[in-house]
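Here the structure is laid out as structure tokens; the discussion comes afterwards.
Coordinate-derived values only; no laboratory data. Given the structure is predicted, the values throughout are model-derived calculations rather than measurements. Note: ideal-geometry Cβ built from the backbone for every residue, glycine included; neighbour counts use all protein chains shown.
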């Protein structure tokens, strides 16, 4: 199929921009949350700026990329029919579903912050930010290895990566509080 490489390229491009948006939006959530600890004049300026930046990123890049990923992704699946013959793809789609759930939770956090509701601490947001990293690793390894057996090794690696990320977050928090 002549269009396949173009569809695949577009799918990859929008996955990359979607992940970029997801990684950066949570960083903006962290900055906005931490701005609430500043004195009133500085807090107001920072909060307004982070709201503007978040809104532009969320609706200008992240949402459109998520939608275009959803459009271009299924256009590639026909190559793998019957899909049940490709268990790695089923596992990948499960992780993609988790990524969309992550996205919708970020949408809820975005709305809360736009309405000055601060339900998440900056530390919880830092941990939340790493969830997208874990999903990225899982999805990429499944696509590259295309093996459900290799996925078990990959899952062990994800557990190790999770532990290392949590240690890093805790170390950063200790350093930040000094």
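Dividing the alpha-carbon radius of gyration of region 1-122 by 2.2 N^0.38 Å (N being the number of residues), what value is obtained? Please report the intermediate quantities before stating the final value.
Details: Rg = 18.1 Å, N = 122, 2.2 N^0.38 = 13.7 Å.
Rounded to two decimals, the normalised Rg is 1.33.
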Handout entry: Kirkwood Rh and Cα Rg combined as Rg/Rh, region 19-61
Key = 1.02
Practice task
Counting only C-alpha contacts under 8 Å and six or more residues apart, can you give the relative contact order of the chain as a whole percent?
Solution key: 28 percent
Completion exercise
In degrees rounded to 10, the 0-90 angle between helix 40-57 Cα long axis and the longest Cα principal axis of the chain is 20 degrees
Exercise for the section: Grab the beta carbon distance between residue 85 and residue 160, set R0 = 25 Å, and tell me the FRET efficiency rounded to 0.05. Expected result: 0.25
Problem - Centre separation in Å (Cα based) which lies between region 111-166 and region 62-93 - result: 20 Å
Practice task
Sum -39500 (n - 2.57) across every DSSP H segment of at least 4 residues in the chain, then divide by the residue count to get the 222 nm mean residue ellipticity, nearest 500.
Solution key: -28500 deg cm²/dmol
Handout entry: Histogram of C-alpha separations across region 40-178, 5 Å bin width, %
Key = 2, 8, 14, 17, 16, 16, 12, 8, 5, 2, 1, 0, 0
Practice task
Report, to the nearest 10°, how far helix 148-177 tilts away from the longest principal axis of the Cα atoms in the chain, using its own Cα long axis and a range of 0 to 90°.
Solution key: 10 degrees
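Note the full-extension length gain between residue 23 and residue 153 as 0.36 nm times their separation in residues minus their Cα-Cα distance, in nm to one decimal. The partial results should precede the final answer.
Values: separation 130, 0.36 × 130 = 46.80 nm, distance 2.53 nm.
Extra length from residue 23 to residue 153 when fully extended: 44.3 nm.
Based on the Cβ-Cβ distance from residue 140 to residue 40, what FRET efficiency comes out when R0 is 41 Å, to the nearest 0.05?
Values: r = 44 Å, r/R0 = 1.08.
The calculated FRET efficiency here is 0.40.
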Completion exercise
FRET efficiency (residue 178, residue 70; Cβ distance; R0 41 Å; to 0.05) is 0.40
Fill in the blank from the handout: Rounded to the nearest 10 degrees, the helix 122-145 long axis (Cα) sits at an angle to the longest Cα principal axis of the chain of 10 degrees
